[in-house]
Amino acid sequence: MSKKIDYHKIKDLDFEEAMDQLNEIIQGLESGEVKLSESVDKFELGSELAKHCKKLLDDAETRINAIKIDGVGNIISEQKIDNSDESDI
């Protein structure tokens, strides 16, 4: 992996950045050239990145589902989204 990620900074990554890091980890693990202890560390980091990506996708789906569109394509309402239940990674 070319760049270290601070576990506390994962929540600051956008979806594309997190996926890029996750793909780097997957490639490193699949190469078979990583020591066991490093593999475990990468696996744990990958799990956190995957969890973050899922949360971002779920949030996007919630926002999309909150938009109501009339028959001609005009937005007629957007429900307020409650983000008070956000948990830190």
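The values are calculated or read from the model by the stated rules, or taken from the named source; none is laboratory data. The model shown is predicted, which means the values in this text are computed figures rather than measured ones. A quick note on method: Cβ atoms are made from the backbone with ideal geometry, for glycine too, and the neighbour counts reach across all protein chains shown. When the accessible area is computed, the model is the full protein with side chains, heavy atoms only, and any ligands, DNA or RNA have been set aside. Shrake-Rupley method; radii C 1.70, N 1.55, O 1.52, S 1.80 Å.
Restricting attention to the stretch 31-68, and to residues there that are at pLDDT below 90 and not in a helix (DSSP H, G or I), which single residue is most open to solvent (accessible area, probe 1.4 Å)?
Among residues in the stretch 31-68 that are at pLDDT below 90 and not in a helix (DSSP H, G or I), the one most open to solvent (accessible area, probe 1.4 Å) is GLU33.
Within the set of pairs 6 or more residues apart or between chains, which connect a residue that is closer than 24 Å to LEU22 by Cα and free of Cβ contacts under 8 Å to residues at least 40 places away in the same chain inside the stretch 54-66 to a residue that is open to solvent by 100 Å² or more (accessible area, probe 1.4 Å) and of a type in the set (Gly, Ala, Ser) with Cβ atoms less than 9 Å apart?
Listed by first residue and then by second, the contacts come to nothing, as the list is empty.
List the residue pairs whose Cβ atoms are under 9 Å apart, where the first residue sits in the stretch 34-51 and is farther than 16 Å from LYS9 by Cα, the second is small (Gly, Ala, Ser), and the two are 6 or more positions apart or on different chains.
Qualifying pairs under 9 Å: VAL34/GLY28; GLU38/GLY28; SER39/GLY28.
Within the stretch 69-79, identify whether any single residue is open to solvent by less than 90 Å² (accessible area, probe 1.4 Å), at pLDDT below 95 and assigned to a helix (DSSP H, G or I), and answer yes or no.
no
Do we have any residue at all in the stretch 20-30 that's in a helix (DSSP H, G or I), open to solvent by 100 Å² or more (accessible area, probe 1.4 Å), modelled with pLDDT of 95 or more and not small (Gly, Ala, Ser)?
Keep residues of the stretch 20-30 that are in a helix (DSSP H, G or I), which gives 20-30.
Narrowing further to those that are open to solvent by 100 Å² or more (accessible area, probe 1.4 Å): 27, 30.
Subsequent filtering for residues that are modelled with pLDDT of 95 or more retains none.
No, the conditions are met nowhere in the stretch 20-30.
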